[in-house]
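Inspection log for the structure reproduced underneath, given as C-alpha cells.
The values are calculated or read from the model by the stated rules, or taken from the named source; none is laboratory data. No experiment lies behind these values; they were computed from the predicted model shown. Counting neighbours? That spans all protein chains shown, and the Cβs are built from the backbone with ideal geometry, glycine included. Remember, those area values only see protein heavy atoms, side chains included, never the ligands or the DNA or RNA. Shrake-Rupley method; radii C 1.70, N 1.55, O 1.52, S 1.80 Å.
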Amino acid sequence: MDKGREIEIRIEWITREEAGWVGTQEERVLIEQSLGHYPEFNAFLRRELERAEGGLFFRGASGMVYRVGPVAEEPGGLSGIEICLRSAGGGGRTISGEGIDRDIWAFLEWVIQNVGGEWTLEALQKVGAIYRIPGAPERV
Amino acid sequence: MEVQGHRIHYVDEGADRGKPTVILLHGNPTWSFLYREIIPRISHVCRAVAPDYLGFGLSDKPRDERWYTLQNHIRVMTKFINGMGLSRVILVVQDWGGPIGLSYALKYPDKVAGMLIMNTWAWPEPSEFHASVMPWRMLHAPLVGAHLFLRKNALVERGLYLSTVRNRERLRKGAVLNGYRLPFSSPLSRIGMLAFTRNIPLRPGDLNWERMKGIKEGLRALPFPCRLLWGERDIVFPPSNAYLFQKLIPDCSPPSMIPDGGHFIQEDAPKEIAGEILALLDQT
C-alpha cells in the first residue's frame, strides 16, 4: 500500500488494535453509496480493503481515529464505503467538524493519488480550492 | 400531491384564465424557490405551477442514491403533471428541467402549447465542462462527491455563486443563499444533488446515453412553438447549445442572449424570463 509517499503525510495508518476499535462506539461521518460510476475507484478501494481484511484505520492530523470500511457488497465489486469516527464517549473531547473535514480531505488526497491516471492530486486540490473545502489549499 | 408513495411539493399561483398553465421546472441544486421572482410577474395572466423534484426542495427525499435516475425523475414528473389534470401546459425548463420537460413533451405533445428552453441540453454528447476532470468529474468522483456534496453542500455554498453573473453577490451570502440552503440542511437531504451529477452520460454505454439520444431525435418532431433564452456566460451549457436547439427544433425562435447571464439564468434575468413566458402565452 502506497500511503502518502508523494504528498505530505497528514494521516497515520494504524492497526485495528492501535485504533482501539474493539467494542468502540462509532459515528459515521461520510458515506459513499455509489462507487460504480468510475470503476477504477471501486477496484482500488476493493483491493485495499481486501488487503486490510475489511477495514482501514487511520489517525488524522486532528488526532481523531477513523475506520474506513464497506457498507455493502454487490457481485463484481463494492457498492459503497463509509468512514466512521471513533466516538470519544461521554468524557471525550468535543468533536470538531472542521477537524473531521480536514482529516477526510487528507484521506481523499491519498485515494486520488493512488487511483491515478486522469485523477490527479492537482485536479483535486484545484477543485478543493475553488469550492473552499477545509484542508484544501487556498490557491493551486 | 402524492406520486408513487412520495409527496411532491409545488408552488401553485394564479388562476386558470383560459391560457395554458405554465409549469416551471428547476435543475440541480435548486428547487421551486428558483422561480420566486418570475411567478409573480406572470401569475396575473395565467396559472403558474413550480414543482420540486423528489430529493429537492420540500418534496420527499428518498435516501437511496439508486432511486435518483433520470428515468425515475421523468416518471414522477410525468405523473405529477398529468395528476394536475391540466389540458394544456407551457413548459419552462433549465438545466435538468430540459431533459425532464422535453421527455414529457415528447410523450404528450398534444398537451404542450409551447416551451421556453434555457441553459440546458438534450443530447447524449457531454459539454466540454461535463467531460472535464477538473472541476466537474472530480467534483462528483467517488468519495470526493460524497464529501463535497453531502458533507459540504458545495454546489449550493459555492456552485450557485460561481454560476451566476449579474446578481451573483446575493448567492455569496444572505437571504437568497439561505433560501437555497433551507431544504438541504443535512447530508442525507443532499443525495439527489449528487445523484444528478452521476446521471450525466459521457460516452456510449453510460447510464442515460440512449435516453438522451432519444430526446435529441425527438426534437425534430416537436409540434409546438419554442423560445430560447440563454445566459451567455454559462460555462456549463454555452451559447452553442442554444443554437443547436434552434437548428434541431422546427418551430423555434432565435435565442435571446443575456450577455451578463450565467447558468442560473433565473437569478440573473427574472424579468426577461417573465417577458419570454408572456410572449409565449400570447403565441398560443
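Scanning the range A:84-121 for residues that are within 8 Å of chain B (Cβ to nearest Cβ) and either modelled with pLDDT under 95 or surrounded by fewer than 19 Cβ atoms within 10 Å (Cβ to Cβ) (or both) yields A:GLU118, A:THR120.
Determine, yes or no, whether B:THR120 is polar (S, T, N, Q) and touching a Lys or Arg at 6+ places or on another chain (Cβ under 7 Å).
On the way: polar (S, T, N, Q): yes; touching a Lys or Arg at 6+ places or on another chain (Cβ under 7 Å): no.
Considered against the rule, which asks whether it is polar (S, T, N, Q) and touching a Lys or Arg at 6+ places or on another chain (Cβ under 7 Å), B:THR120 comes out as no.
Among B:PHE196, B:PHE224, B:PHE237, which is the only one that is open to solvent by less than 20 Å² (accessible area, probe 1.4 Å), in contact with a strand residue (DSSP E or B) (Cβ under 6 Å, 6 or more places away or on another chain) and among the aromatic types (Phe, Trp, Tyr)? Result of the check over B:PHE196, B:PHE224, B:PHE237: B:PHE224. In the condition set (1) among the polar types (S, T, N, Q); (2) over 15 Å from the mean Cα position of the chain (by Cα); (3) under 27 Å from B:TRP123 (Cα atoms), B:GLN94 is compliant with all but (2). Across the range B:112-128, a minimum of one residue is classified as within 14 Å of another protein chain (Cβ to nearest Cβ), at pLDDT 95 or above and not in a helix (DSSP H, G or I). For residues in the range B:129-150 being in contact (Cβ under 8 Å) with a residue 12 or more places away in the chain, in contact with a Lys or Arg (Cβ under 9 Å, 6 or more places away or on another chain) and buried (at least 21 other Cβ atoms within 10 Å of the Cβ), which is farthest from the other protein chains (Cβ to nearest Cβ)? By that ranking, first place goes to B:PHE149. In the range B:90-103 there is at least one residue that is at pLDDT 95 or above, more than 30 Å from A:ALA123 (Cα to Cα) and open to solvent by 10 Å² or more (accessible area, probe 1.4 Å).
Do the conditions hold for B:ARG181, that is, is it within 13 Å of chain A (Cβ to nearest Cβ) and not acidic (Asp, Glu)? In short, no.
Name every residue in the range B:64-85 that is surrounded by fewer than 17 Cβ atoms within 10 Å (Cβ to Cβ), in a loop (DSSP other than H, G, I, E, B) and within 14 Å of chain A (Cβ to nearest Cβ), in order of residue number. Of everything in the range B:64-85, just one residue is surrounded by fewer than 17 Cβ atoms within 10 Å (Cβ to Cβ), in a loop (DSSP other than H, G, I, E, B) and within 14 Å of chain A (Cβ to nearest Cβ), namely B:ASP64. Taking the conditions exactly as written (of a type in the set (D, E, K, R), in contact with a Lys or Arg (Cβ under 9 Å, 6 or more places away or on another chain), part of a loop (DSSP other than H, G, I, E, B) and open to solvent by 10 Å² or more (accessible area, probe 1.4 Å)), does B:ASP16 satisfy them or not? When the stated conditions are applied, B:ASP16 passes them. Within the range B:206-255, the set of residues being small (Gly, Ala, Ser) and either modelled with pLDDT under 95 or farther than 24 Å from B:THR69 by Cβ (or both) comprises B:ALA221, B:GLY231, B:SER240, B:ALA242, B:SER253. Contact map, the range B:57-76: residues that are at positive phi paired with residues that are assigned to a helix (DSSP H, G or I) and of a type in the set (S, T, N, Q), Cβ distance under 8 Å, separation 6+ or inter-chain. Pairs shown: B:GLY57/B:SER32.
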